[in-house]
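Working notes, beginning with the structure itself.
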Amino acid sequence: MRKYLTCRKALLVSLFMLVAHCAQAASLQEMSDKGPAMVVFVSKKGAEDYTEYAEGVLKERLKAGGIKIMNPEMTDKVKKDRLLLEAIKNSNASVMAKISTNYGAGIVFRGTLQAVSSLEKFADSWEGQASVSLSAIDTKTGEELVALASDPLGSAENPAPMEETSLASKQMAIMKALDNVLQKMGVSSEIISSAASISPRYQGDFAPAGCNASSVVFTPDNAYVAAACEDIVKIWAVADKTLYKQIPGSRGDITGLAFTREGSQMVTITRKGYMNVSGWPAGNKKWEIDSGSDRLLSVAISPDSQMIATGDDEGYIKLWDAVSGRKLGEIKAHNKKIHTISFDAKGRNIISASDDLSIKFWDINTKREIRAFAEPMDKLTCAALSFDKTLIAYGSKTITIDLLRKRRTDKKYIRLRDANSGRDIFTFEGHTKDIRAVAFLPGRRYIVSCGEDKTVKIWDVDKKSEIASLDINAVVSTVAVSNDGKWMVVGSDELSLWKLK
């Protein structure tokens with residue numbers, strides 16, 4: 001009798017778990033009908049450095065599962081409102097209604113990265129650990145639709161990932177933990193797998209032709225592509241690849257351009273040392289200044305859109321007030337030209353890369369160098385930071401001369417480093433000539449590079465391998481990826497559009 005009751009109890013438990021799982025699967029379908037989703041991720045102490053990575057992975061998975069993700073600019077506004085963000089964490093029903101009304105979110109996915117760590121098991125072999133909890137909240141009612149936590153990693157059914165570096169093992173552990181939670185919500189393994197796949201598909205050239213772009217960027221809303229075509233910025237619509245607007249630059253050919261994060265202003269710099277700020281999308285000139293540099297070669301805008309940083313041909317970083325154009329200071333950063341410049345995620349530091357073969361980090365307030373990366377190489381051609389500013393990739397070349405055999409060997413490669421510690425993560429090899437540009441896709445997993453070998457290559461950071469190579473009919477000088485990771489623009493003697501997902 002006791003055995004019968006035990007079996008009956010086990011059967012009832014199994015049926016309950018099956019019904020619960022089906023309910024969760026159904027709730028995911030219901031969530032997709034509630035309108036755009038806001039994704040807010042927070043981390044417990046010790047896991048803060050991986051918050052943006054986790055949020056990026058979650059967004060990719062949800063989009064693949066049919067959930068429409070809210071405009072990132074709106075999400076940023078919510079994150080800046082401390083009281084509102086705290087209410088989201090606490091699932092305050094009245095504030096949820098406010099979000100629905102003021103921000104247009106029908107549902108909030110609230111994720112918490114509980115812990116992330118790694119342990120070196122053997123030489124060049126790290127085991128990653130991570131735990132994640134996730135809840136979904138109906139903003140109209142304040143009702144918590146689902147609340148789940150990831151299963152522990154390390155069992156035979158759910159093994160902990162083993163990778164060659166600590167960073168890679170942590171990233172893979174976060175991904176596995178999130179996938180585990182999403183599968184409990186009814187997201188199929190096929191959808192999860194598709195979210196991580198990259199398959200470039202040619203969509204055609206932008207018309208009219210005739211722009212050998214020195215710089216190309218997407219607008220923050222991913223609707224337009226802007227390219228520096230000599231002394232004019234040409235802007236095309238992504239939807240039909242037709243020319244939308246032409247905006248005259250300052251004096252001289254344009255060497256760089258950037259948009260503020262919210263997309264209201266566009267900054268251009270020129271080979272004659274001028275900087276111009278225009279309104280977007282109107283294209284009206286707001287102000288123009290002579291920077292005092294012979295040539296400006298790189299430009300970046302702070303995350304809060306209040307400061308502009310420029311790099312010139314003499315190795316100076318100059319800081320400017322984005323509203324008035326007033327000069328805020330300068331740093332003698334390098335001995336040669338600065339071809340890449342960027343702010344960190346919080347806008348407190350600046351990262352610069354130069355022809356003097358060094359990459360340096362600078363404190364904006366003190367104007368002092370914080371740290372620098374330098375290694376034996378003969379050329380540093382380009383650099384880029386990941387969207388969350390935690391990884392840096394740069395194109396390099398080393399030259400080896402064998403006098404005995406009268407032979408010269410050029411090695412072209414992309415070096416990937418941890419931007420905070422400088423630790424070397426991996427080296428990608430595959431280009432046969434100099435690398436002209438590198439860029440990250442959102443989520444930190446993929447890197448795009450292009451070069452004088454007339455190819456564009458896509459690299460998988462997790463798998464540490466090349467996953468795609470596109471043959472272009474001309475030297476490729478620049479490449480850009482949209483903020484949602486769906487589109488890529490390749491700049492050679494023409495501008496071509498590629499769909500990545």
Ranked on Cβ counts within 10 Å of their own Cβ, fewest leading, TYR413, TYR446 go TYR413, TYR446
Counting Lys +1, Arg +1, Asp -1, Glu -1, what net charge surrounds GLN171 among other residues with beta carbon under 9 Å of its beta carbon?
+1
Given charges at Cβ of Lys, Arg, Asp, Glu: the stretch 226-366 dipole, positive-most of VAL238, ILE289, ILE308:
VAL238
Looking at the stretch 30-195, send over the antiparallel percent of its DSSP beta bridges, to the nearest 5.
70 percent
Options THR112, PRO159, MET175, ranked by Cα towards positive dipole end of the stretch 30-195, top entry (Cβ charges)
THR112
Excluding TRP320 itself, what net charge comes from residues whose Cβ is under 13 Å from its Cβ, given Lys and Arg +1 and Asp and Glu -1?
-1
Could you sort the peptides 45-53, 58-66 by per-residue average Cβ neighbour count (10 Å cutoff), highest mean leading?
58-66, 45-53
Among ILE254, GLY142, ILE399, flag the residue with its Cα farthest along the positive direction of the charge dipole of the chain, charges on Cβ as +1 for Lys/Arg and -1 for Asp/Glu.
GLY142
If you look at just the Cα atoms of the stretch 185-310, how large are its Rg and its Dmax in Å?
17.3, 59
May I ask you to evaluate 6.51 cos²θ - 1.76 cosθ + 1.60, the Karplus curve with θ = phi - 60°, for each residue of the stretch 364-375 and list the ³J(HN,Hα) values in order in whole Hz, giving x for glycine and proline?
5, 6, 8, 6, 10, 6, 8, 7, 8, 10, 8, 8
List the pairs from LYS68/LYS140; LYS45/LYS486; LYS454/LYS499; LYS234/LYS272; LYS80/LYS336; LYS59/LYS327 whose alpha-carbon separation is above 28 Å, in the order I gave them.
LYS45/LYS486; LYS80/LYS336; LYS59/LYS327
Output the Kirkwood hydrodynamic radius of the chain, Cα pairs only, in Å rounded to one decimal.
24.4 Å
Would you grab the residues whose amide H sits under 5 Å from the one on VAL233? Only those 5+ places off in sequence or on another chain, please, with H modelled 1.01 Å from N.
ILE247, GLY249
Whole-Å semi-axes of the stretch 201-499's equivalent ellipsoid, largest first, each the root of 5 times a Cα gyration tensor eigenvalue?
28, 24, 18
So what is the diffusion coefficient of the stretch 30-195 in µm² per second by Stokes-Einstein at 20 °C and 1.002 mPa s, using a Kirkwood Rh over Cα pairs?
131 µm²/s
Taking K and R as +1 and D and E as -1, what net charge do the other residues with C-beta under 15 Å from the C-beta of MET31 add up to?
+3
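Where a number appears in this text, it was derived from the coordinates with a stated rule and is not lab data. Just so it is clear, the structure is predicted and the values come from calculations on it, not from any experiment. As a convention, Cβ positions derive from the backbone with ideal geometry for all residues, glycine included, and neighbour counts pool all protein chains shown.
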